[in-house]
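Read-outs throughout are calculated quantities, based only on the coordinates presented, and are distinct from any laboratory measurement. Please read these numbers as outputs of a predicted model, since none were measured by experiment. Neighbour counts are summed over all protein chains in view; Cβ atoms, including those assigned to glycine, are modelled from backbone coordinates with ideal geometry.
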Amino acid sequence: MRQLNQFINHGELWWDAEFSCDSCGTYLCEQAGQGPAPDDVREALLAVHGPARLRLAEPVSSLVPALKAFREAEAVSLSQARELADRLSHEGVVGTLSEMQLLRTRLRLRGVPVDIDG
């Protein structure tokens, strides 16, 4: 059986893919890494667990702290950070639960009130 995981370790996003065989007792870690999961792992996690949505919990006077948090957390350009901040205040930013939990932590550290749906 193959199991995919994504988790936060010491404030950083990690992922792994494990294999186990109940018949022979074999267990091994196929792949693991720090940072965003490969597309196939991420898509499988979303298919099994569904997406999580991060949204503003209340209106804010400025999205500048959110821009800074997105630039730090996602290593995106300023225009991409603006798009993410705009989504945050409208339909929400969507990703895996671990991705959204990490973003929530980083946004809250900058004083941005956010919550996770789903």
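Some points to look at:
- Computed from Cα positions, the angle between helix 78-88 and the longest principal axis of the chain comes to roughly 90 degrees.
- Over segment 43-101: Rg over Rh, Cα atoms, Kirkwood Rh: 1.00
- For Thr96, Thr105, order by how many other beta-carbon atoms lie within 10 Å, fewest first: Thr105, Thr96
- The long axis of helix 39-49 is offset from the longest Cα principal axis of the chain by roughly 90 degrees.
- Averaging 1/r over each pair of different alpha-carbon atoms in segment 2-49 and inverting the result gives 11.4 Å, the Kirkwood hydrodynamic radius.
- Sorted by Cβ neighbour density within 10 Å, fewest at the top, the residues Val60, Val41, Val112, Val48: Val48, Val60, Val41, Val112
- Which labelled figure in [x] 16.3, 59; [y] 13.1, 40; [z] 15.6, 56 is Rg and Dmax of the Cα atoms in Å, once derived from the coordinates: [x]
- With contacts taken as Cα pairs under 8 Å at a separation of at least 6 residues, the chain carries a relative contact order of 27 percent.
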